[in-house]
Structure formats: structure tokens, C-alpha cells
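Since the structure comes first, as C-alpha cells, the remarks are kept for the end.
What follows draws every value from the coordinates through simple rules; no lab data is involved. All values reported here derive from a predicted model rather than from experimental measurement. Ideal geometry is used to build each Cβ from the backbone, glycine not excepted, and the neighbour counts take in all protein chains shown.
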Amino acid sequence: MNAEARIGELKLELPPPPKPAGVYKPVVVVGNLAYVSGHGPLKSDGTLMAGKVGSEVDQQAGYAAARQTGLAILSTLRAHFGSLDRIARVVKTLGMVNAAPDFQQHPAVINGFSDLMSQVFGADHGVGARSAVGMGSLPGNISVEIEVIFEVTG
């Protein structure tokens, strides 16, 4: 089953693709790699999921924010390529968690993103190399920011 069919099967609602909040491009393609700029947890109503994980929101809320960030990234990819079926695989993910100083479960939070990619692209192609790190702050106090490199076809 292809990615577009999985989106429908999973009944996923993609938010509108976010507009750049600075001087950058949301996606840059070099050869067969798509470099996706950092995205936050944009919801369909245009709001962002915010709060420092471990003090203002709990780990589960962080996981949900990482999953929502994945939906925003999928929206950007669909807008750029016209179809998610052009995505061959996840190559590398950098997940940044807006974390309280004593919070240590950054990988568990970013699993919200990785689990979604695995569901959409399959276990073999939806899971790539990954880093999950804590940050002292993120823009707008968003809970998570994620950037990704994808392999593309066509």
C-alpha cells in the first residue's frame, strides 16, 4: 500500500502546509534527497502545541506534539511534491524537544513522529537514522521541532 492510501486508511487529518516563519525554504531537493526545514506541531486550526515538556506539559503531550509535527511535515511534502507517494524513505530525523532541565526522555517524545512515519511509509522505509535532543527553548514555546531528510523518487 502506498503512502497516500495509508493516510486515508489511518484517517489522518493533515493541517494546511505551514508558511515559512523566516528566510528559508520549507523543502530543498538536492539529487534524490529532500531536506525538510524544521517544523513545529501545527494543528489544523492553525494553532501550535506549546509548552515545555517535563514542566508545562507531560511526556505524552510531547509525544502528541511530535506526532502532530509529523502531520505538518507530511502536509508540506504533499504540497511540494503533489503526492506523498514520491517519498521513498525517511533517511535522517533531528527531533528537538523543548524540555525542562531535568527531563531525560527525549527519544520517547520523538517516537511520536517516528511511529507516525512508520505507519505511513512502513517499518522498512519509515524508520531512518535519528537524533532526539533536548533544548532550553524553542520558538513560540512550541513543545517540539523536527527536521527531516527524505529520499524521493521521480
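With respect to Ala21, is the statement that it is aliphatic (A, V, I, L, M), surrounded by 21 or more Cβ atoms within 10 Å (Cβ to Cβ) and not in a helix (DSSP H, G or I) true? No, not satisfied.
Residues in the stretch 108-141 that are within 22 Å of Asn98 (Cβ to Cβ), out of contact with any Ser or Thr (no Cβ under 7 Å at 6 or more places or on another chain) and of a type in the set (D, E, K, R): Asp115 alone. One residue alone among Gly62, Gly140, Gly112 is touching a strand residue (DSSP E or B) at 6+ places or on another chain (Cβ under 9 Å), surrounded by fewer than 17 Cβ atoms within 10 Å (Cβ to Cβ) and assigned to a helix (DSSP H, G or I), and that residue is Gly140.
Rundown of residues vs (1) touching a residue at least 40 places away in the same chain (Cβ under 8 Å); (2) in contact with a His (Cβ under 9 Å, 6 or more places away or on another chain); (3) within 21 Å of Ser143 (Cα to Cα); (4) not β-branched (Val, Ile, Thr), yes/no style:
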residue	(1), (2), (3), (4)
Pro26	yes, yes, yes, yes
Ala65	yes, no, yes, yes
Ala72	yes, yes, yes, yes
Ile87	yes, yes, no, no
Phe103	yes, no, yes, yes
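For the stretch 34-45, does any single residue satisfy the condition of being more than 12 Å from the chain's Cα centre (by Cα) and under 15 Å from Phe150 (Cβ atoms)? Yes: one or more hits. The residue of the stretch 34-55 that is surrounded by the fewest Cβ atoms within 10 Å (Cβ to Cβ), among those that are assigned to a loop (DSSP other than H, G, I, E, B) and in contact (Cβ under 8 Å) with a residue 60 or more places away in the chain, is Gly51. Selection over the stretch 12-60 of residues that are among the aliphatic types (A, V, I, L, M) and either out of contact with any helix residue (DSSP H, G or I) (no Cβ under 9 Å at 6 or more places or on another chain) or over 20 Å from Gln119 (Cβ atoms) (or both) gives a count of 11. I'd like the full set of residues that are surrounded by fewer than 16 Cβ atoms within 10 Å (Cβ to Cβ) and either outside any loop (DSSP other than H, G, I, E, B) or touching a helix residue (DSSP H, G or I) at 6+ places or on another chain (Cβ under 9 Å) (or both), limited to the stretch 125-137. Of everything in the stretch 125-137, those that are surrounded by fewer than 16 Cβ atoms within 10 Å (Cβ to Cβ) and either outside any loop (DSSP other than H, G, I, E, B) or touching a helix residue (DSSP H, G or I) at 6+ places or on another chain (Cβ under 9 Å) (or both) turn out to be Ala129, Ser131, Val133, Met135. When Gly70, Gly31 are checked against the criterion of being surrounded by 13 or more Cβ atoms within 10 Å (Cβ to Cβ) and closer than 20 Å to Leu84 by Cβ, Gly70 stands alone in meeting it.
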